[in-house]
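Single-structure report; data block below.
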Amino acid sequence: MAEPSGPALQVCRLIIVFLLVCSAHSLRAEITPLDVIRSSNTLVLDIYEASPEITRKVLDDITRVMEKVTDFEEIADRVVQKTCVGGSGDSCEQLKTEFIALLKLNATRKLGRYRADRFDYLGQVVEGRTARVKTIAWFQEDSVELDYILEKKEGRWVIVNYIADGVDTVRNYQSQFSRIISKKSVNFLIGRLEKKNRLYRKERSEIKKQL
């Protein structure tokens, strides 16, 4: 197997540095939610800068960064526990599994197509073990007010929700899921998520490999 070189080597180094910084942060009581958001956003921007185009490797690298700072299971729990009414325990668990997959695929899919090229950091509000980091995400001249909701778990801050231009991600999914389940069924919703996940995986598989 060939050793990574050029942009691929630069991305590998960036990820190693990020993981080391995260490990060091876990030992520092003063690490803040703003630090977590700033460092992860910076790494994502650096990954894009190191690659001239969106490849599968770029998306895989970004997925690893997001998994390090985002509690996808917590996000899914907040939605599924509120909306999975009338379904069996197995069907609710299957809904959660498919939803977690959708969150990860959809997040990198949107980042690949509509990525920000810079961020303004407006500050943070910390209340006990929860926090809100306020930012503005820019792409060229367009901007989105993007707030990150974090919780402190096992000594580190992780993202558990996003609010984009006033739209709460968790509440938005809760509303969508409740509407579909009330009109159809839990199994119908599972089928819809499975279909979307197959489509997004197919899209991702067709993205050019980085040689």
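Projecting the alpha carbon convex hull of the stretch 151-211 along each direction and taking the average yields 7.6 nm². Phi-derived couplings, Karplus 6.51 cos²θ - 1.76 cosθ + 1.60 at θ = phi - 60°, listed residue by residue for the stretch 184-198: 10, 6, 4, 5, 4, 5, 4, x, 5, 5, 4, 5, 5, 5, 4 Hz, with x used for Gly and Pro. Rounded, prolate or oblate: pick one for the stretch 88-207, where a ≥ b ≥ c are the square roots of the eigenvalues of its C-alpha gyration tensor, a/c under 1.5 means rounded, and failing that, prolate if a/b is larger than b/c, else oblate. Since a/c reaches 1.5 but b/c is at least a/b, the shape of the stretch 88-207 is classed as oblate.
Spatially, the stretch 59-123 and the stretch 152-201 are offset by 7 Å when compared through their Cα centroids. The label point for Tyr121 and the one for Lys152, both projected 7 Å from the Cα toward the Cβ, are 1.8 nm apart. A simple spin-label model places pseudo-atoms 7 Å from Cα toward Cβ; at Ser182 and Glu53 they are separated by 4.7 nm. Per-residue 3J(HN,Hα) values for the stretch 100-109, derived from phi via the Karplus relation 6.51 cos²θ - 1.76 cosθ + 1.60 with θ = phi - 60°, read 4, 4, 5, 4, 5, 5, 5, 5, 6, 5 Hz in sequence order (x marks Gly and Pro).
Working note: Cα gyration tensor of the stretch 6-205, eigenvalues times five, square-rooted, sorted largest first, giving semi-axes of 29, 21, 16 Å. The modelled label-to-label distance between Arg109 and Leu199, using points 7 Å beyond Cα along the C-beta direction, is 0.7 nm. Computed from backbone phi, the HN-Hα couplings of the stretch 79-94 come to 7, 5, 4, 7, 10, 7, 9, x, x, 6, x, 5, 5, 5, 5, 5 Hz, rounded to whole numbers (Karplus: 6.51 cos²θ - 1.76 cosθ + 1.60, θ = phi - 60°; Gly and Pro given as x).
A 19 angstrom limit on the alpha carbon distance is what I want to check against. Which of Lys96/Lys195; Lys96/Lys134; Lys104/Lys195; Lys82/Lys184 exceed it? In this structure, Lys96/Lys134 lie more than 19 Å apart at Cα.
Bear in mind these aren't lab numbers, they're just calculated from the coordinates by the rules spelled out. Here the structure is a predicted model, which is why all the values come from computation and not from measurement. So basically every Cβ, Gly included, is an ideal-geometry build from the backbone, and we count neighbours across all protein chains shown.
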